[in-house]
Structures are given as structure tokens and as C-alpha cells.
Amino acid sequence: MKFGVVVFPGSNCDQDCIHVLSDVLDQQVTPVWHKETSLKGLDAVVLPGGFSYGDYLRTGAIARFSPVMEAVKAFAQKGGIVLGICNGFQILLEAGLLPGAMLRNRSLTFVCKDVYVRVENAATPFTGRCEVGQVLKIPVAHADGNYYTDEVMLSQLKASAQVVFRYCDQVGRLTEDANPNGSLDHIAGVLNAQGNVLGMMPHPERCAEEILGNDDGRRIFLSMLDALKTGKLSSDVGVAG
Amino acid sequence: MKAKIYITLKKGILDPQGKAVAHALATLGFKSATNVRMGKYVELDINETARDKAEAAVKAMCEKLLANTVIEDYRFEVES
């Protein structure tokens, strides 16, 4: 399968994503500079973490107007698989590809540590290798990860199982202490209504190899591969993208 | 013309920065200060002579980029 990893000025997790996809999972990967206007030939796209445009104005607010984002929108509309990690998630929110917005962390500090997330929906192209209720350990590293949306949208997200990950403790309980940023309803990852775009604050690319002491994050990428291979999401979507 | 734009978090949305500043003010003895809300201030020159055109342009800028209307409100003044 051929993955594209979008590189914005200020992205800093792009090489980690490329490493996991190409060296660990043996897939084809192309870095996609933010000035590109086509995603032709790609089967899936990753928007990596970082500080695109220095987080000026709001996280992701400027990056969403990068030329490549029009192509990402078109790719997503055709059913292409898009994963946004951390800053990538923030960009997808600003672009309107996912509902909601990010507020400053409740603590006002940059939080960089391993957290636990509970899988709430295992029937997505990103969580097929997980089970509902399964707890994954994945690190977060952000200052603006306090997810917010209004009540109407929140009930909609819940009703259609679009909340994919929730911050929890080691055994899966949704305690206040286990919520690293104050996110509404412990939300750590959100899926779009169509089911092909996921945004998550934790960094699965930072824990996808046993040598790093944790490979929970690998499940996310393997799930994407499975979804692409089973053809639930056609790999042709990228052709006209 | 010059536009002065004020962007604030919507009512009811938790403002951790405002809370921290309120706490600091209280610690310094400013007991009368409550409900601190932090926001952004943007000032820009706009090449329009008609006020309504300038206002329409600033509104579009706020909606499209300057404010995130999921979480923020904005208001602005245009002066010549």
C-alpha cells in the first residue's frame, strides 16, 4: 500500500510516521509537501504531529489553508483513509473535516507522557486490530488537546460511535486523573460521520516497535493496512485526488 | 481604514488562562476582580474607503480565519 505523510512547515513527527510505515511495516511512503495539490496514487494519508506554522493564531489554523488541504478534503470526501495525529488532528478540526475544536490544556502546561486510552469503537479502519474496551498505552505531547464541542454535536458523536478513544486509567476507568488535558467526556480520538477520517491526540507512531518498549500504536497502522487490503475503502480513491 | 478586532472564548467555555490570571490577581490582593476572560486583539489596516465594504471584509476574515466560531466570539470596530 502507498501512504502519504503530509509535511507542513513546522511538522516534526513526519519522519517518525514515515519510519513506522516504511521500516516497521514495510509499506511504500511518500512525504507530501504542503504545497502539493494532488494526492494521486496514494491509498491513505497521514497528517503528522508538530507545530505547523508555529501554532500561530490557533493550532492548525494556518495549515488548514495550505494548498494540500484541498486535496486532502477531496480525498476524504471520496472515502480515502485519513489519519490526523496531534497537530494533524488539530488541522483536521480547523479544516472542518472533523467536528469540534481544541482548547488550551486544563493545566495550561505542555503535557508529554504516556497515557492510557480505551477503544470505544473497534469497527473503524483505524481500530480493526483492537477490541472495544481494550486499553492502549500511547504517549501524548501537546499544549492544546482539550477537546471541545457543543452538546448537540457531542450527543451526535456518541450516538454514531464517532468517539473512538477515551482517556482512561490503566484498567480502563474514566477517572479525572486519567484525563491529561481536560478533554470533554475524556475524548482522545474522533471519527468523522463517514467513518474514514480519524483524529487522535496520542502519538501511535511513537510506540510502534518492541524495541521502544511499547508497540500498542502499531495496531492503529496495522488496522489501516487491513482496511485497505480488504478493500472496504477502495484504494482507487486517490487516483483523482 | 483601520480595524480593531476582539476575539474571546464563548460564554460558558472554560478558560484555563483566565482562571489562572484570576487566581494570580486574587493572590496579589485584587479581591474585586472576578470572571477574568482572556482573548486576542487583532489590529489591521484595510484598503477600503467605504465603511460597509470594510466591515464586510473584516467579518469575512473573522469567520474564515481569525476566529474559530466553534469556541470563539468576535467583535470589531472599523475606523477611518
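The values are calculated or read from the model by the stated rules, or taken from the named source; none is laboratory data. Since this is a predicted model, take the numbers as computed values, not measurements. Cβ coordinates were reconstructed from backbone atoms using ideal geometry, including for glycine residues, and neighbour counts include every protein chain displayed.
The table that follows gives values for the structure above.
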{"quantity": "Answer from A:ALA123, A:ALA63, A:ALA76, A:ALA95 - the residue that is out of contact with any strand residue (DSSP E or B) (no Cβ under 7 Å at 6 or more places or on another chain) and over 22 Å from A:ASP144 (Cβ atoms)", "calculated": "A:ALA123"}
{"quantity": "Cβ-Cβ under 8 Å pairs, at least 6 apart or on other chains, the range B:54-72 side closer than 22 Å to A:MET102 by Cα, far side part of a helix (DSSP H, G or I) and acidic (Asp, Glu)", "calculated": "B:ASN68/A:GLU94; B:THR69/B:GLU63"}
{"quantity": "Entirely in the range A:151-227, the strands (runs of 3 or more DSSP E) that have 3 or more residues that are of a type in the set (A, V, I, L, M) and within 26 Å of A:LEU108 (Cβ to Cβ)", "calculated": "A:187-191"}
{"quantity": "Hits in the range B:1-57 - residues which are under 19 Å from the mean Cα position of the chain (by Cα), in a helix (DSSP H, G or I) and within 12 Å of another protein chain (Cβ to nearest Cβ)", "calculated": "B:PRO16, B:GLN17, B:GLY18, B:LYS19, B:ALA20, B:VAL21"}
{"quantity": "Of residues in the range A:90-126 being surrounded by fewer than 19 Cβ atoms within 10 Å (Cβ to Cβ) and of a type in the set (Lys, Arg), the one farthest from the other protein chains (Cβ to nearest Cβ)", "calculated": "A:LYS113"}
{"quantity": "Condition check for A:LEU222: surrounded by fewer than 22 Cβ atoms within 10 Å (Cβ to Cβ) and either closer than 30 Å to A:GLY41 by Cα or at pLDDT below 95 (or both)", "calculated": "yes"}
{"quantity": "Qualifying residues in the range A:229-241 (those that are surrounded by fewer than 21 Cβ atoms within 10 Å (Cβ to Cβ) and outside any loop (DSSP other than H, G, I, E, B)) - the one modelled with the highest pLDDT", "calculated": "A:LYS229"}
